[in-house]
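**Student:** Here it is: the structure, laid out below.
The values are calculated or read from the model by the stated rules, or taken from the named source; none is laboratory data. Since we're looking at a predicted model, the values are computed, not measured. All Cβ positions, even for glycine, are placed from backbone atoms using ideal geometry, and neighbour counts span all protein chains on display.
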Amino acid sequence: MIPELPLFPEQASTMAGPVDQLYFFLIALSAFFSLLVAGLIIAFSIRYRRRRVRLERPEDFGMLQLEIGWTVLPFVLSMVIFYWGAMLFIDLRRPPADSLEVFAVGKRWMWKMQHLEGRREINELHVPIGQPVKVTLTSEDVIHSFFVPAFRVKQDAVPGRYTDLWFEATKPGRYHLFCAEFCGSQHARMIGQVIAMEPADFQAWLSGTERGAAPVSMAEAGKRLFTDLGCVTCHQTDDSGRGPSLVNVAGSAVELSDGSSVVADSAYLRESILRPQQRVTAGYQPIMPTYQGLVGEDQVLELIAYIESLRDRGSTPLGEVTQRKTEAATEGTAG
Amino acid sequence: MTPDPSSRTAVNYLNVDYGVRSWLLTKDHKRIGFLYLVSITVMFAIGGLAALAIRLDLLTPAGDLMGDDTYNKMFTMHGVAMVFFFLVPSIPAVLGNFLIPLMIGARDLAFPRLNLASWYIFILGGGITLYAVLTGGVDTGWTFYTPYSTEGSNTNVTSAALGVFVSGFSSILTGLNFLVTIHRMRAPGLRWLRLPLFVWAQYATSIIFILGTPVIAITVLLVAVERSLDIGIFDPALGGDPILFQHLFWFYSHPAVYIMILPAMGVVSEIIPCFTRNKIFGYKFIAVSSLAIALLGFLVWGHHMFVSGQSVNASLIFSFLSFAVAIPSAVKVFNWTATLYKGSIGFEAPMLYALGFIGLFTIGGLTGLFLASLGLDVHVHDTYFVVAHFHYIMVGGAVMGYLGGLHFWWPKISGKLYPEWLARVSAVIIFLGFNLTFFPQFVLGYLGMPRRYHVYPPEFQVLNVFSTAGASILGFGYLLPIVYFAWSMRYGKVASANPWNAAGLEWATPSPPPPDNFAETPVVEDDPYGYTRIDPGEELQVA
Amino acid sequence: MPDSHAASVPHAHHHGHDSHAGHAGHAVAHQFDDAEQQFGAATLGMWIFLLTEVMFFGAILAAYAIYFVTYVDPFEDASNHLSLALGALNTVILLTSSLTMARAVHAAQTADARTQVRWLVRTLALGAAFLVIKAFEYGSKFEEGLVPGIGFRYDGPGAAQHELFLSFYFALTGLHALHMIIGIGVLLVLVWMARRGRFSAAYFTPVEMSGLYWHFVDLVWIFLFPMLYLLGRH
Amino acid sequence: MSQHVVVPVALYQRIFVTLIVLTVVTVAVALVDLGEWNAVVALSIASLKASLVALYFMGLRWGDRMTRVAVLVALAGVALLFGASLNDDLTRESKTYLPAELRPEMLDFSVQGLDGLTPEVAPPPAPPPAAAPDTAHGAAH
């Protein structure tokens, strides 16, 4: 049977086209210069191969114009390529505001994907076509790298840091997902599939109709965790419990025991779960046990989603809050 | 011009003294160069065998030749052996050690004992790394990225890191020796603009040795310390930053690729004029380009980290500078090509290697532009496109340059001529085998096959089979020079002082040179590459 | 002319880089034309070696500084674990040892063997004093369980960054102390050579080179002291 | 020192006294709270002391120009490494956090859990807990 020999990757995302255009331009440029140099070498080699008669050649046969020419021309060309590449990069690294949120956690040797609406998958990611998808990445152990060749996107998942990438699938189909940063013995087996589907099929899949169990949203899973882990014993809905009530806490300012105040954004919520003694709310004892090592990355995200859901509709969503906070930070008020 | 019999009995650095002690305690830069030649050939063999094992394993998508861990240890051994123990020391330690005193009319390097210490440190570093490899191997890749190298891997990372740490001092001492020698010990009349371009290239390389190597020494030491004493410098659990490790690592490791290519450029700048009988075109521009590459090379390391979580701001700056550093290399290629114009070109083995170098280095350099442009690098980073790019520069460039230099100065090093026709055949085999091995990898890379993959999807198999076929031809091609060089030591024709009728101080002394290089220190009056002055009529003394 | 000069300075224990500090006796080595060229080469060689040490320490100091900018508050708290008094005392000791080393180089050029030995021994003593104080500091860290790694017993706020700070503290001062020990080794060799009257105005290269090395080690401490000890004192 | 320059002892002593005074000054300044300026002042005093040692004790002042150029190039190298890495660190968009130390068995993210969950009621999709775009650097702010 004729072996399968693809020579060019599929173009399955909005960014694949522009990236490939730059690729073809560079191939043309490289072909031109390589053939120019190789052609000159071959031509000179044949034309001036060693013969009895010695050709006249001026002593210091150097031409300044030539030198300037082949310094300035390559520089100008490279600036063009730089600018083109830079514009592409800025688009690649700026997710559109309305993109679908997905969390991908790299853990030695599998990808754990989690949609906001709760569907969780391992080494598989269902995405709708025609809508930008922003994948927020992190890793639980070593550096991995989320790479989908058909979408021309790649981003490292670094432990201790949220990085993100975005793409907008254009063609339904199953595309390779690779781990591109060496991460141990089964690095080569840490692969998976990104399944692009028509939006209707995606919604059907998302609501889990064909796989029976209706998915549980992150906030819902967070609520269950909140009770299972015993948080509810201290954090009552009113302030009567030993811990502060968490209603309407997400996104608002929290008075701390040392007098300063901080806005309860997701990083503060995460820190209070994992290192409660770090900054204790005013008027409460630092008695909360640390949940470090008791909850996984994804569970912390669910808890945050649940606390977030305790806000009544009126107050500002978390996104704007931290926006305000960063302006405050830029005025140098934040430490 | 038959070699006069009297030269056979003349005292030269090879027959001045016999016995193991005379070699192991020598202070003669020529003997130390020979010691380095033998030791890096051993290291090249180790790295080469690992490469063949990798290529054989990649014949099948399931990677049946060896298990995952063995494969990871193989590509790490290939990387460490080739980068730290072959490519970095090859031309500087072998040809540089041998030729710099000869080319500048000195009796030896500034610090001969330090030069011998440098070789012993190289052997010590190599020994430690081989110990790490033999007692279980190391599987972090030659890049030692944290937190995998500090927490993830349970292989001999600490001893491999210490081996690399120790071998770093070998190149520091070599660089130091070259800088002081070139500055303080040039023959009378040998002004800077009369220095051969090989010496300029070694000078630029030594600057990188001095400024870059200590940074990888401390980085690799921190990895070893973090692993053994469990203190957290790059440990994310303590707030450490794995991306900071990459900054420290690539601050040396990118200039290190210029350590590998600059000397090869120096060799080509010596070979091209000799075999075209022309003065080099644009001497000043090539000399300044060497310095420009060395200094600009320190500004661009961030292009290894475009997708590692580095900020967009920093990536834009590094991408811009990476394009700037490509210009001096382009200038050199055009100057070499212009040197061929109106020459009298002979195609002896060194010239074949030099022309091969220009062609392959051009492709390597241009594919570097693909990787420097941000939009493309997001797709091709850490794929086989990168593997193909740096092999075009390292194997197509540095190794071709090294072999060209070895053939060009072999009569001076050994006093014997290598078999010319066999050398030309092996050069062509190496050229073809190389292209068959690495050109398919460009296509594989853009298809998206990640590097360091032991198993891969079936649709990549055909290109991998081509690559493995090429690798076996290339492997065979590399065996030939080792064989006929060793053979020529014993049975080769005796070489005259200047078999290529070349210009340069090193050809003004007998081959092999006497222990003190020159009967009396030569005085230099005219510019280098005075080939139009040398009578072109004589037939070259070619075996 | 074969290289048959008097026994030169034996290899220093470090990886031999000090060997070029000890040039062969009074005569000029065969690869040099005259003593002037030899001295110039030795000085340039030593300076280039010191530049590699500048890059060596510079890289880890840069890493530390970047962490400092990232974790300003916890690093300032963590630096209160260190004793300012001992740090300041060590700084004064090292500055004084630089003075005595400079006097030793001066004596090597002008004075007799006895004065040379006296200044070298004073430098040695100050170096040893520095290391003793360092040992005390390390000792107190071990007792308080402030040594990073398994035995790290500090769980106040920002404990992770405290451990990071102390990792850098031990890495930096450990490397510096190692260079001090090598310096003391070199000084011992110089005392042995000075006692045999090897140094004079014509030949004092080993003392000169060892002086450069010693001043460099002091120079590193001049940066270490403020960056490690003086952070959170306000 | 360069070729056989003998430096007067008095100069050494003057330099030494200056160094001691600068040490006292830097400690004194450190005890006063100047906010970020503390680090800047401490480093500039240290650089001043370092250049005094380098120029006079190590004889850079009488050395040849080449050595001085080499020292500046090395310092530029360190500054370049620090500057570029710091620039990257300060302008990074990705947010940091202190990862929980996870033990594998602790993760409940086993595959079978995927279809075992049955919600009592399907709550409206919660607004995305958009990870805060730019928390201050480092988790412990």
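**Student:** Would you call D:L75 hydrophobic (A, V, I, L, M, F, W, C), in a helix (DSSP H, G or I) and under 27 Å from B:G212 (Cβ atoms)?
**Tutor:** Yes, satisfied.
**Student:** Looking only at segment B:287-315, filter to residues that are within 10 Å of chain D (Cβ to nearest Cβ) and touching a Lys or Arg at 6+ places or on another chain (Cβ under 9 Å); which one of those is surrounded by the fewest Cβ atoms within 10 Å (Cβ to Cβ)?
**Tutor:** B:N313
**Student:** Of the residues that make up segment B:138-160, is at least one among the charged types (D, E, K, R), more than 30 Å from C:H30 (Cβ to Cβ) and buried (at least 22 other Cβ atoms within 10 Å of the Cβ)?
**Tutor:** Among the residues of segment B:138-160, at least one is among the charged types (D, E, K, R), more than 30 Å from C:H30 (Cβ to Cβ) and buried (at least 22 other Cβ atoms within 10 Å of the Cβ), which makes the answer yes.
**Student:** Got a sec? Which helices (runs of 4 or more DSSP H) wholly within segment B:95-189 have at least 2 residues that are in contact with a Lys or Arg (Cβ under 8 Å, 6 or more places away or on another chain) and β-branched (V, I, T)? Outline the logic, then answer.
**Tutor:** On the way: elements: B:97-103, B:112-134, B:157-184.
Where helices (runs of 4 or more DSSP H) fall fully within segment B:95-189 and carry at least 2 residues being in contact with a Lys or Arg (Cβ under 8 Å, 6 or more places away or on another chain) and β-branched (V, I, T), they are B:157-184.
**Student:** Here is a further query. Name the pairs whose Cβ atoms lie under 6 Å apart, with the first residue in segment D:48-68 and within 8 Å of another protein chain (Cβ to nearest Cβ) and more than 19 Å from C:T100 (Cα to Cα), the second of a type in the set (S, T, N, Q) and not in a helix (DSSP H, G or I), and 6 or more positions between them or separate chains?
**Tutor:** Close Cβ pairs satisfying both conditions: D:G63/D:S2.
**Student:** A further question on this structure: Taking interchain pairs and intrachain pairs at least six residues apart, which have beta carbon atoms under 6 angstrom, with the first residue in segment B:349-370 and at the interface with chain A (Cβ under 7 Å from one of its Cβ atoms) and the second surrounded by fewer than 24 Cβ atoms within 10 Å (Cβ to Cβ) and polar (S, T, N, Q)?
**Tutor:** B:T362/A:S34; B:I363/A:S34; B:L366/A:S30
**Student:** Could you look through segment A:124-157, keep only residues that are within 14 Å of chain B (Cβ to nearest Cβ) and outside any strand (DSSP E or B), and pick out the one that is surrounded by the most Cβ atoms within 10 Å (Cβ to Cβ)?
**Tutor:** Restricting attention to segment A:124-157, the residues satisfying the condition of being within 14 Å of chain B (Cβ to nearest Cβ) are A:135-157.
Those left that are additionally outside any strand (DSSP E or B): A:140-143, A:149-152.
Working: A:E140: 21, A:D141: 20, A:V142: 28, A:I143: 27, A:P149: 25, A:A150: 23, A:F151: 31, A:R152: 29.
The selected residue is A:F151.
**Student:** Could you grab the pairs with beta carbons closer than 7 Å, sequence gap of 6+ or different chains, first residue in segment B:506-534 and acidic (D, E), second one surrounded by fewer than 15 Cβ atoms within 10 Å (Cβ to Cβ)?
**Tutor:** B:E525/B:G189
**Student:** Of everything in segment B:163-192, what is under 19 Å from B:M43 (Cβ atoms) and surrounded by fewer than 23 Cβ atoms within 10 Å (Cβ to Cβ)? Give them in sequence order.
**Tutor:** Answer for segment B:163-192, where residues must be under 19 Å from B:M43 (Cβ atoms) and surrounded by fewer than 23 Cβ atoms within 10 Å (Cβ to Cβ): B:F165, B:V166.
**Student:** Something else: Which of the following residues is surrounded by 24 or more Cβ atoms within 10 Å (Cβ to Cβ) and at the interface with another protein chain (Cβ under 7 Å from one of its Cβ atoms): B:I208, B:I233? Don't jump to the end; show me each part of the working.
**Tutor:** Working: B:I208 fails: at the interface with another protein chain (Cβ under 7 Å from one of its Cβ atoms).
Sole residue among the options that is surrounded by 24 or more Cβ atoms within 10 Å (Cβ to Cβ) and at the interface with another protein chain (Cβ under 7 Å from one of its Cβ atoms): B:I233.
Okay, residues lined up against (1) assigned by TED's automatic domain parsing to the domain that holds A:Y162; (2) in contact (Cβ under 8 Å) with a residue 12 or more places away in the chain; (3) of a type outside the set (G, A, S):
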| position | (1), (2), (3) |
| --- | --- |
| A:G251 | no, yes, no |
| A:S261 | no, no, no |
| A:R270 | no, yes, yes |
| A:P276 | no, yes, yes |
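**Student:** With the checklist (1) away from chain A (no Cβ under 14 Å); (2) at pLDDT 95 or above in hand, flag the one item B:S22 doesn't pass.
**Tutor:** Going through (1) away from chain A (no Cβ under 14 Å); (2) at pLDDT 95 or above one by one, B:S22 breaks only (2).
**Student:** Of all helices (runs of 4 or more DSSP H) completely enclosed by segment C:69-171, which ones contain at least 2 residues that are closer than 19 Å to D:Y12 by Cα?
**Tutor:** Working: elements: C:72-78, C:84-110, C:113-143.
By residue number, C:84-110, C:113-143.
**Student:** Given C:L228, C:L188, which one is under 24 Å from C:G151 (Cβ atoms) and either part of a helix (DSSP H, G or I) or aromatic (F, W, Y) (or both)?
**Tutor:** On the way: C:L188 fails: under 24 Å from C:G151 (Cβ atoms).
On inspection, the qualifying residue turns out to be C:L228.
**Student:** Follow-up question, since we're still on this one. Just the residues that are closer than 12 Å to A:E10 by Cα, surrounded by fewer than 23 Cβ atoms within 10 Å (Cβ to Cβ) and either within 12 Å of chain B (Cβ to nearest Cβ) or not β-branched (V, I, T) (or both), please, taken from segment A:158-174.
**Tutor:** Applying the first criterion (closer than 12 Å to A:E10 by Cα) to segment A:158-174 yields A:169-174.
Restricting the remaining residues to those that are surrounded by fewer than 23 Cβ atoms within 10 Å (Cβ to Cβ) gives A:170-174.
Listed by number, the residues that qualify are A:K171, A:P172, A:G173, A:R174.
**Student:** Looking at (1) crowded, with 17+ Cβ neighbours inside 10 Å; (2) of a type in the set (S, T, N, Q); (3) modelled with pLDDT under 90, which one does A:S78 not meet, given that it meets all the others?
**Tutor:** Every condition holds for A:S78 apart from (3).
**Student:** Within segment A:241-284, work out how many residues are assigned to a loop (DSSP other than H, G, I, E, B), of a type in the set (S, T, N, Q) and closer than 25 Å to A:K223 by Cβ. Steps first, please.
**Tutor:** The first filter runs over segment A:241-284 and keeps only residues assigned to a loop (DSSP other than H, G, I, E, B), leaving A:241-252, A:257-260, A:264-265, A:275-280, A:282-284.
Those left that are additionally of a type in the set (S, T, N, Q): A:245, A:248, A:252, A:257, A:260, A:277-278.
Still in the running and closer than 25 Å to A:K223 by Cβ: A:245, A:248, A:252, A:278.
Count: 4.
**Student:** Quick one: B:L35 ticks every box in (1) of a type in the set (A, V, I, L, M); (2) outside any helix (DSSP H, G or I); (3) touching a residue at least 60 places away in the same chain (Cβ under 8 Å) bar one, so which box is it?
**Tutor:** Going through (1) of a type in the set (A, V, I, L, M); (2) outside any helix (DSSP H, G or I); (3) touching a residue at least 60 places away in the same chain (Cβ under 8 Å) one by one, B:L35 breaks only (2).
**Student:** Within segment B:328-337, track down each residue that is among the hydrophobic types (A, V, I, L, M, F, W, C) and under 21 Å from the mean Cα position of the chain (by Cα). Before the answer, list the steps.
**Tutor:** Going through segment B:328-337, the residues among the hydrophobic types (A, V, I, L, M, F, W, C) turn out to be B:330-331, B:333-334, B:336.
Result: B:A330, B:V331, B:V333, B:W336.
**Student:** Does segment A:38-52 hold any residues that are within 15 Å of B:T339 (Cβ to Cβ), more than 7 Å from chain B (Cβ to nearest Cβ) and charged (D, E, K, R), and which are they?
**Tutor:** A:R47
**Student:** Can you tell me which residue in segment B:316-329 is farthest from the other protein chains (Cβ to nearest Cβ), limited to those that are touching a Gly at 6+ places or on another chain (Cβ under 7 Å) and small (G, A, S)?
**Tutor:** So, considering only residues that are touching a Gly at 6+ places or on another chain (Cβ under 7 Å) and small (G, A, S), the one farthest from the other protein chains (Cβ to nearest Cβ) is B:S329.
**Student:** Same structure, new question: Limited to segment A:246-290, what total is found for residues that are of a type in the set (D, E) and either touching a strand residue (DSSP E or B) at 6+ places or on another chain (Cβ under 7 Å) or more than 18 Å from A:Y306 (Cβ to Cβ) (or both)?
**Tutor:** Within segment A:246-290, the first condition is being of a type in the set (D, E), and the residues that meet it are A:255, A:258, A:265, A:271.
Now restrict to residues that are either touching a strand residue (DSSP E or B) at 6+ places or on another chain (Cβ under 7 Å) or more than 18 Å from A:Y306 (Cβ to Cβ) (or both): A:255, A:258.
Selection size over segment A:246-290: 2.
**Student:** Determine, yes or no, whether B:G189 is farther than 27 Å from B:L162 by Cα, among the small types (G, A, S) and modelled with pLDDT of 95 or more.
**Tutor:** Values: farther than 27 Å from B:L162 by Cα: yes; among the small types (G, A, S): yes; modelled with pLDDT of 95 or more: no.
So B:G189 does not fit the description; no.
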